[in-house]
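Engineer: Below are the structure tokens for one structure; questions will follow.
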Amino acid sequence: MHTLTPAIQAETAADLNNLPHARITDHGTEAHVFTTSLDDLTTWWYALGGRITCQDAPHGSGVCMWTLHTRTDPDNPASPRIRVHALALDTDQPDADLPTPHAA
């Protein structure tokens, strides 16, 4: 029996929910999804929920990385974890509906 990797399961979740992504990779037991904007990250959050973090890039770069921590199936705690990433200018503001980010 062939086990589906977290990346394959994340891509399936993306396809089923019509979620935007640029790249999906496996990293250990979870999938990392790279998006092109905060709007894309917001779309994932609306579909799958989860927790948002924001981490500043090196001082003076003007960039930060937003990450959504969720699962391929939010109703199944045994489903693979997904981290959905979006780089943004530190002056960009996410959708007002997104929860307040936690420190990464």
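Throughout, read-outs are computed from the coordinates displayed, never taken from laboratory work. All values reported here derive from a predicted model rather than from experimental measurement. Using ideal geometry, Cβ is built from the backbone for each residue, glycine included, and neighbour counts are taken over all protein chains shown.
Engineer: For the peptides 43-50, 27-34, 64-71, 16-23, what is the packing order when you average, over each peptide's residues, the other Cβ atoms within 10 Å and list the highest mean first?
Structural biologist: 64-71, 43-50, 27-34, 16-23
Engineer: Could you tell me the largest-minus-smallest coordinate of the C-alpha atoms of region 53-104 on each of the three principal axes, in descending order and whole angstroms?
Structural biologist: Rounded to whole Å, the extents work out to 40, 23, 15 Å.
Engineer: Can you give me the angle between helix 38-48 and the longest principal axis of the chain, using Cα atoms only, in degrees from 0 to 90, rounded to the nearest 10?
Structural biologist: 40 degrees
Engineer: Taking 4 °C and 1.567 mPa s as the conditions, I'd like the Stokes-Einstein D for region 6-103 in µm²/s, using the Kirkwood hydrodynamic radius from alpha carbon pairs.
Structural biologist: 96 µm²/s
Engineer: For 73, 90, 97, what ranking results if the residue with the fewest other Cβ atoms within 10 Å of its Cβ goes first?
Structural biologist: Ordered from fewest to most neighbouring Cβ atoms within 10 Å, 73, 90, 97 come out as 97, 90, 73.
Engineer: Please get the size of the charge dipole for the chain, origin at its Cα centre, with Cβ charges of +1 on Lys and Arg and -1 on Asp and Glu, quoted in debye to the nearest 20.
Structural biologist: Dipole size: approximately 280 debye.
Engineer: Which cross-chain or sequence-distant (5 or more) residues have an amide H under 5 Å from the amide H of residue 71, H modelled 1.01 Å from N in plane?
Structural biologist: Under 5 Å from the amide H of residue 71: 82.
Engineer: Let me ask something else about it. Distance from a point 7 Å along Cα→Cβ of residue 79 to each backbone N in region 1-33: keep the residues under 14 Å and list them by number.
Structural biologist: 6-19, 31
Engineer: On to the next question. What is the calculated FRET efficiency for residue 69 to residue 18, with r their C-beta to C-beta distance and R₀ = 22 Å, to the nearest 0.05?
Structural biologist: That gives a FRET efficiency of 0.55.
Engineer: On a 0 to 90° scale, report how tilted helix 6-17 is relative to the longest principal axis of the chain, with both axes built from alpha carbons and the result rounded to the nearest 10.
Structural biologist: In the chain, helix 6-17 runs at an angle near 80 degrees to the longest axis.
Engineer: Between residue 5 and residue 87, what is 0.36 nm times their sequence separation minus the Cα-Cα distance? Round to one decimal in nm.
Structural biologist: 27.0 nm
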